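Novice: Sharing a structure with you now.
The values are calculated or read from the model by the stated rules, or taken from the named source; none is laboratory data. These numbers were taken from a predicted model, which means no experiment stands behind them. Every residue, glycine as well, gets a Cβ built from its backbone with ideal geometry; the counts of neighbours run over all protein chains shown. The accessibility values were calculated without ligands, DNA or RNA, using every heavy atom of the protein model including side chains. Shrake-Rupley method; radii C 1.70, N 1.55, O 1.52, S 1.80 Å.
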Amino acid sequence: MIRPRLSPSVAVALCLALPAAFGSDACRAEAAVEKVLGGQAFVGALSPASVVRGATTRVTLAGTDLEQAFDLWTSTPKGKIQAKQVSPPGAAAPIFDVTVASDCPLGLFGVRAATIDGLSNGAILLVDDLKPQPVAPPDANGSPLHITLPTALAGTFRRTGVDRFQFDASTNEELSFECVASRFGKDADPLIRILDARGHLVVEYDNDPGLFFDFRFAHKFKAAGTYTIELADARYHGHPEWNYILRIGRFPAARVAVPSAVKLETAAEFKFPELPGLVSRATAAGRVATESFYHEVRRPGDNAGAWIAAQAVDSDVAAEAEPNDTLEQATKVAKVPVAVCGVLGVANDVDYFEFDLKKGDRLAIKAETMGLDSAADVELAMFDADGKEMQRIDDVLLEEASFLTSAGKDGKYRLLVHDVTRGGGSGFTYRVDVRPVKPQIELTAEIAELTIPQGETQSMPLLITRSSYPGPIRLALVGAPAGVSIEPTVIEEGKLSIWARVRAAASTPLGLSTIQIVATGELEGASFSAIARVRPLIDRQLLNVDLIKYALRANQRRLPPSMSDRIPLQITPPSPFTMELPETSITLVRFLSADLPITTTRRPEFQAPIHFKAVGGHIGEESEIRRQVYTRFVPATAAKPATQGTFYSRNLPNEQKDRIDLSAIGEFNGRRVQLIRTFDLELKAAFDVTPESPTVSLLPGESAKVKLLANRLPPFTGPITVEVLDTFGLDFPTTFTIPEGKPSIEVDLKVAADYVPRKVRIRLPGQALVGKFVEDGRPKDVEIDVKKPEPPKKPEAKPAEKPDAKKPDIKPEAKPAVKK
């Protein structure tokens, strides 16, 4: 018998309250299983959430299961950040001294805790050139903390709490203010109020669209004096993990640039609509196509810098030339491919770009704003050579506007760009990539981090998007340490998804690294590549009453550039066991159960049980009654290495196929080892009543037998009842049953002699008791074609006798005249 699993808190409560009734040994065993199945280490917050460039910052990690942490992985360029643990081993909140190179880029980067069990979830860290100053909760009097500028204040939003700071400003002094909180992937919404010495409001600032709920702005103080800052969550919400960095000083309050792209191996001059006259030189040297990065900008006299999102491209870059507000004023673009860039500077602004196209030219057009921290939400429209609108499109499945277009004849075609809300302003920048339609591939990795024991493999499901290319695709790893490889190395022609595996050789050195998965296709001698994109989980939140626990907010779907195109890898000591699945796909009949066989092998010294956990698709915890599939696994032991898991269907699952990730988890020498394998779980109805022949043809007065197939899926064998709603005047039973275990039944059909010839469809809705629930099958139709009888044939007329040409023409003998 398998007992339902208890949460750790419930298990501990039972141990404390009922030791005599249930036995302390049983409680300890339950708690041990929960610990093994508890999941990976989770970083909820970093304190402070920023580190200073060219120095060492002491950072504390808060979260769960972090006692075994010993190092940090970051998405910064290799060698730019080093972490040294300074807390005692086993600390629940590990502490690291983080040393940042003086040439490390500014901006937001990914960070993960490396534990002896493997990597944690992803968190976001700010690399700054302002030293973070910890903010303690206010004293009982609520007195403001006096600060010296420039500074970066590192605090936490408390529920109903307000943090207050005082600073001195001189006459006409301009200061910039920036809060990073929402961009850490959390649900914080910072609001700043600045008051003068008399308590009068000077500035109130909330969101800068494009920075999610954060802000970056500048203000010039007309009068010298002491000013008070009030910083709080705009809703007065709070959470121990909602950390913030409030930067104050003289730095550029720009957040967007035009252009926002640089051609590979070249340089460009960036201008900043929010700071007219400021120009900064940007370069894409050493970067690869489509690589996003932060460009650092600062002015003479600034005491801190700002980071601006940009991208390296393999095409020309063209900026708009005002005025371009009409078809006739369109900015002329010399050739494609090209990245056209601009800013919708005022409300209702529209920008037009002109392309000379030949008949048959096909273009792929895609907008980009969110990745630029822009406030714009652009809509695109294409006009043909006659000035007639061809296409218009806004967002596509929560992503930016994109479409394909073709030229019907030679001429000048214009592209319209404008904000869908008709908004505008200095922060409303955009980039639109315009390319000829050519073979292209996109790759998505569905696992965002890898922990691989030496000599083992881990699953890496990949999704492939193909554009005009059905051929084979080569896979390769970039940045992988010696002995790490991916298999297969070729994705077969036409495949849109595969379960790849990343393998670490027994000789692969222990440690942390960063890899990229690169897919390459080739057609007619030309090759094209794509880097696998990932979307790591940053925060956990309860999404809705259906107990779907985790989901991605907008600030988690648009992550810092270096977090979406690279995968952290940790190599750990060898696993004491292996796990394989004899079957790569199982079918679960709705309302019933299905077994998944599992085989394990183990080293002799490993005697602990191996536990299993499945995630994906409809699967949820058994206690979550709104989730439609739950599982029970029998642990694998040294005495019984072959085991199984059972998948149970509740009452409302959809018929669909899902990828399921199965984890085998065991504890050995104080560490938790987890191996992941992938399989398909397909949910199907228990039966599908269908006619053996979809059409039956009869004449009025005729009869026939209609054979109906049950199409049951094991283990269902029960009877199926069919209730026909309308027989359309035919002699056909309205209710019949396919008996238990019988694969089919024959039903009599008779057509009356006076039935009007026509075609009718009789619907066959099947119903059966499957498990504890009534299953209504998807009804099928049998077409009855009553044909019109052919009219009776007329008797054939005898043909006239033709004279025989061979016989002489003998006239009858003339009678003699009778004399009177």
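Novice: Using the Kirkwood formula over every pair of different C-alpha atoms, what hydrodynamic radius in Å results for segment 245-344?
Specialist: 14.7
Novice: Per residue, how many Å² of accessible area does the chain show with a 1.4 Å probe?
Specialist: The answer is 49 Å² per residue.
Novice: Over the chain, with every protein chain in place, what whole percent of the accessible area is carbon and sulfur at 1.4 Å, could you tell me?
Specialist: Carbon and sulfur together cover 53 percent of it.
Novice: May I ask which residue of 706, 676, 749 lies farthest towards the positive end of the charge dipole of segment 654-774, with charges of +1 (Lys, Arg) and -1 (Asp, Glu) on Cβ and the Cα centre as origin?
Specialist: So the residue furthest toward the plus end is 676.
Novice: Moving to a separate point now. Considering Cα pairs under 8 angstrom that are at least six residues apart, work out the relative contact order of segment 178-249 and quote it in whole percent.
Specialist: Averaging sequence separation for qualifying contacts and normalising by length gives 43 percent for segment 178-249.
Novice: To continue, here is another question. Once the Cβ-Cβ distance between residue 621 and residue 669 is put in as r, and R0 is 22 Å, what FRET efficiency do you end up with, to the nearest 0.05?
Specialist: For R0 = 22 Å, the calculated efficiency reads 0.15.
Novice: For residue 174 and residue 727, compute 0.36 nm times the residue count separating them, minus their Cα-Cα distance, and round to one decimal in nm.
Specialist: 190.7 nm
Novice: Explain nothing, just the number: relative contact order of segment 415-556, from Cα pairs under 8 Å at least 6 residues apart, as a whole percent.
Specialist: Contact order relative to length: 24 percent.
Novice: What ranking, highest mean first, results for peptides 371-384, 86-99 when packing means the other Cβ atoms within 10 Å averaged over each residue?
Specialist: My ranking of the peptides, most packed first, is 371-384, 86-99.
Novice: I would also like to ask the following. Give a residue-ordered list of calculated ³J(HN,Hα) values for segment 309-314 (Karplus: 6.51 cos²θ - 1.76 cosθ + 1.60, θ = phi - 60°; whole Hz; x for Gly, Pro).
Specialist: Calculated HN-Hα couplings, in order: 6, 8, 9, 8, 10, 9 Hz.
Novice: If the only charges are +1 at each Lys and Arg Cβ and -1 at each Asp and Glu Cβ, what is the size of the charge dipole of segment 255-403 around the Cα centre, to the nearest 20 debye?
Specialist: Rounded to the nearest 20 debye, it is 560 debye.
Novice: Next up: Could you sort the peptides 720-730, 113-123, 59-69 by per-residue average Cβ neighbour count (10 Å cutoff), highest mean leading? Before the final figure, lay out the partial values.
Specialist: On the way: 720-730: 16.1, 113-123: 23.4, 59-69: 19.8.
Most protected by this proxy first, the peptides run 113-123, 59-69, 720-730.
Novice: Considering only DSSP states other than H, G, I, E and B, which trypsin sites (Lys or Arg not before Pro) in segment 111-219 qualify as loop sites with at most 14 other Cβ atoms within 10 Å?
Specialist: Details: sites: 112, 158, 159, 164, 183, 186, 193, 198, 216; in loops: 158, 159, 186, 198.
In loop regions of segment 111-219 (DSSP not H, G, I, E or B), the sparsely surrounded trypsin sites (Lys or Arg not before Pro) are 159, 198.
Novice: I'd like to know which of 304, 461, 587 lies farthest towards the positive end of the charge dipole of the chain, counting +1 on Cβ of Lys and Arg and -1 on Cβ of Asp and Glu.
Specialist: Ranked along the dipole, the leading option is 587.
Novice: Please give the contour-minus-distance gain from residue 537 to residue 321: 0.36 nm per residue of separation, less the Cα-Cα distance, rounded to one decimal in nm.
Specialist: Result for the pair: 73.7 nm of gain on full extension.
Novice: Angle between the Cα long axis of helix 24-36 and the longest principal axis of the chain, 0 to 90 degrees, nearest 10?
Specialist: The angle comes out near 80 degrees.
Novice: I would also like to ask the following. What dipole magnitude, in Debye to the nearest 20, does segment 336-493 give about its Cα centre under +1 on Lys/Arg Cβ and -1 on Asp/Glu Cβ?
Specialist: That gives a dipole near 660 debye.
Novice: Multiply the residue separation of residue 440 and residue 467 by 0.36 nm, subtract the distance between their alpha-carbon atoms, and state the gained length in nm to one decimal. All intermediate terms of the calculation are to be shown ahead of the outcome.
Specialist: Working: separation 27, 0.36 × 27 = 9.72 nm, distance 0.50 nm.
Stretched fully, the residue 440-residue 467 segment lengthens by 9.2 nm.
Novice: Return the distance in nm (one decimal) between the two label points of a simple spin-label model at residue 222 and residue 101, each offset 7 Å from Cα along Cα→Cβ.
Specialist: 4.9
Novice: I would also like to ask the following. Sorting check: for 361-370, 254-263, which peptide has the highest mean count of neighbouring beta carbons within 10 Å, and how do the rest follow?
Specialist: Averaged packing, sorted descending, gives the order 254-263, 361-370.
Novice: Also, quick follow-up: I'd like the orientation of helix 8-17 relative to the chain: the angle between its Cα long axis and the longest Cα principal axis, in ° from 0 to 90, rounded to 10.
Specialist: 70
Novice: Return, ordered by residue number, the residues of segment 419-452 whose backbone nitrogen is under 11 Å from a label point located 7 Å along Cα→Cβ of residue 356.
Specialist: Label zone hits: none.
Novice: Could I ask something else about it? Which FRET efficiency, nearest 0.05, do residue 299 and residue 489 yield, Cβ-Cβ r, R0 56 Å?
Specialist: 0.65
Novice: While we're here: Charges only on Cβ, +1 for Lys and Arg, -1 for Asp and Glu: so what's the dipole of the chain about the Cα centre, in debye to the nearest 20?
Specialist: 2320
Novice: Further question on the same structure: As a test of the formula, what do you get for the chain when each DSSP H run with n ≥ 4 contributes -39,500 (n - 2.57) and the sum is divided by the residue count, at 222 nm and rounded to the nearest 500 deg cm²/dmol?
Specialist: The per-residue figure over the chain is -1000 deg cm²/dmol.
Novice: Put a dot 7 Å past each Cα toward the Cβ at residue 717 and residue 506; how far apart are the dots in nm?
Specialist: Taking the simple label geometry, residue 506 and residue 717 are separated by 4.8 nm.
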